[in-house]
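Following: one structure in structure tokens, then a few remarks.
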Amino acid sequence: MTQDPVLTAFTSLGLVPPSDERVCIYKSGLVDSADLMQLLLEIELETEKQIDLSALIEGDVSLIRLRASVNGAK
């Protein structure tokens with residue numbers, strides 16, 4: 001079973017992921033801007049892929065979109 005890099009990053013940073021994977025983690029206040037940048041960096045380090053930040057922030061930053069960003073990353 002493959003680990004979820006998004007949930008792994010949350011755990012590594014001591015952050016609690018939302019129960020609703022569609023909620024925007026930034027707008028909901030679950031993470032602030034510094035937490036979000038650390039989370040993205042942690043995901044990139046975990047997956048060895050670079051996330052397109054400009055594409056990600058065009059919409060809500062949810063767990064679903066974070067996973068899609070990782071899957072679409074190079």
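Only the coordinates and a few stated rules stand behind these numbers; no lab work does. Everything numeric here is computed off the predicted structure, so don't read it as measured data. We place every Cβ from the backbone using ideal geometry, glycine too, and count neighbours over all the protein chains shown.
List of remarks:
- In region 14-37, the residue that is nearest to the chain's Cα centre (by Cα) out of those that are buried (at least 16 other Cβ atoms within 10 Å of the Cβ) and part of a helix (DSSP H, G or I) is LEU36.
- The set of residues from region 38-74 being of a type outside the set (Asp, Glu) and either touching a residue at least 60 places away in the same chain (Cβ under 8 Å) or in a loop (DSSP other than H, G, I, E, B) (or both) comprises LYS49, GLN50, ILE51, ILE57, GLY59, VAL61, SER62, LEU66, ARG67, VAL70, ALA73, LYS74.
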